[in-house]
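The next block holds one structure in the form of structure tokens; read it before the comments.
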């Protein structure tokens, strides 16, 4: 029983960390997009 709980918790942690990584990567892409638009506007 304890082994199953540990496996479920580990799988949940992996899933959450993968989701967080995609979110941070998306935010980085948004920031880069804004920077590129600002650069184009000033030239």
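What follows draws every value from the coordinates through simple rules; no lab data is involved. Quick caveat: nothing in here was measured; it's all calculated off a predicted structure. Please note: Cβ atoms are built from the backbone with ideal geometry, for glycine as well, and neighbour counts cover all protein chains shown.
Quote to one decimal, in nm, the extra length available between residue 30 and residue 14 on full extension: 0.36 nm per residue of separation minus the C-alpha distance between them. Don't skip to the end; give the middle numbers.
Values: separation 16, 0.36 × 16 = 5.76 nm, distance 2.46 nm.
That pair, residue 30 and residue 14, stretches by 3.3 nm at full extension.
Between residue 6 and residue 41, how many nm apart are label points set 7 Å from Cα along the C-beta direction?
Modelled inter-label distance: 5.4 nm.
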